[in-house]
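Everything on this sheet refers to the single structure shown next.
The values are calculated or read from the model by the stated rules, or taken from the named source; none is laboratory data. It should be emphasised that the depicted structure is a prediction, and the values quoted were computed from it without experimental measurement. Cβ coordinates were reconstructed from backbone atoms using ideal geometry, including for glycine residues, and neighbour counts include every protein chain displayed.
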Amino acid sequence: MHPINLILMGFFFLGFTCSLHAEEAYLNYKTYCMQCHGMHGKGDGVNVPAMNVLPRDHSDNKYMMTRTNTEIYKAIKFGGPAVNKSVKMPAWEDTFTEEEIQQLVGHIRTLCCEQELVRGVNFR
Ligand code: HEC
């Protein structure tokens, strides 16, 4: 096979696995986060009327730009108190693998910060 074909195939599989990961994170978000954070992360899930601390609006660009990926990661893994937020945000370290948590951070960035992602902003 011509080497260029191998390279092209490489790109194909890379793109394929990236989109699989995005799909997995979307499904995890839909299954585990949506009841509080809402379908599109707007903080308007079905649990909201019964909650005294409102789930974060993950699509609020202005606020989410003040948060680093490390903080988002910690909030998901260890729960709200790990980043000085409410216990109403559960810890997910027993539910997800490291990779799945990373993917959820990535998914949240697509909800708040699409423009910045395109510009290649480093969220640390
Ligand atoms: C039981 C309801 C509930 C569920 C389920 C839930 N969250 Fe939350 N989450 C909250 C609340 C409430 C807050 C806001 C805490 C605060 O502001 O003090 C929050 C805050 C957060 C934050 C912190 C944002 C910030 O201010 O820095 C992140 C990140 C987050 N949630 C991600 C997730 C992800 C990912 C999932 C699913 C795996 C999830 N949450 C599931 C209730 C929930």
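Please enumerate the residues belonging to region 51-87 that are over 22 Å from Glu99 (Cβ atoms), without any contact (Cβ under 8 Å) to a residue 40 or more places away in the chain and acidic (Asp, Glu).
Result: Asp57, single match.
So which pairs qualify, if the first residue must be in region 88-109 and of a type in the set (Phe, Trp, Tyr), the second must be more than 8 Å from the ligand (Cβ to nearest atom) and part of a loop (DSSP other than H, G, I, E, B), the Cβ gap must be under 9 Å, and the two must be at least 6 apart or on different chains?
Final answer for the pair search is Trp92/Gly79.
Do we find that Gly45 is within 9 Å of the ligand (Cβ to nearest atom) and in contact with a Ser or Thr (Cβ under 9 Å, 6 or more places away or on another chain) in this structure? Working first, answer last.
Details: within 9 Å of the ligand (Cβ to nearest atom): yes; in contact with a Ser or Thr (Cβ under 9 Å, 6 or more places away or on another chain): no.
Against the criterion (within 9 Å of the ligand (Cβ to nearest atom) and in contact with a Ser or Thr (Cβ under 9 Å, 6 or more places away or on another chain)), Gly45 does not qualify.
Mind listing whichever residues of region 81-106 are within 16 Å of Glu24 (Cβ to Cβ) and either in a loop (DSSP other than H, G, I, E, B) or modelled with pLDDT under 95 (or both)?
Of region 81-106, the ones within 16 Å of Glu24 (Cβ to Cβ) are 92, 95-106.
Once the filter is applied, which keeps residues that are within 16 Å of Glu24 (Cβ to Cβ) and either in a loop (DSSP other than H, G, I, E, B) or modelled with pLDDT under 95 (or both), region 81-106 yields Trp92, Thr95, Phe96, Thr97.
Which of the residues that make up region 59-97 are under 12 Å from the mean Cα position of the chain (by Cα) and farther than 25 Å from Gly120 by Cβ?
Across region 59-97, the qualifying residue is only Lys77.
Considering each of Lys62, Lys74 in turn, give the residue that is more than 9 Å from the ligand (Cβ to nearest atom), among the basic types (Lys, Arg) and modelled with pLDDT of 95 or more.
Working: Lys74 fails: more than 9 Å from the ligand (Cβ to nearest atom).
Among Lys62, Lys74, only Lys62 is more than 9 Å from the ligand (Cβ to nearest atom), among the basic types (Lys, Arg) and modelled with pLDDT of 95 or more.
How many residues are among the charged types (D, E, K, R) and more than 26 Å from Thr17 (Cβ to Cβ) when one looks only at region 75-112?
To start, the set of residues in region 75-112 that are among the charged types (D, E, K, R) comprises 77, 85, 88, 93-94, 98-100, 109.
Narrowing further to those that are more than 26 Å from Thr17 (Cβ to Cβ): 85, 88.
Here the count works out to 2.
Given (1) in a loop (DSSP other than H, G, I, E, B); (2) buried (at least 18 other Cβ atoms within 10 Å of the Cβ); (3) more than 10 Å from the ligand (Cβ to nearest atom), where does Arg109 come up short, assuming only one miss?
Status for Arg109: all satisfied but (1).
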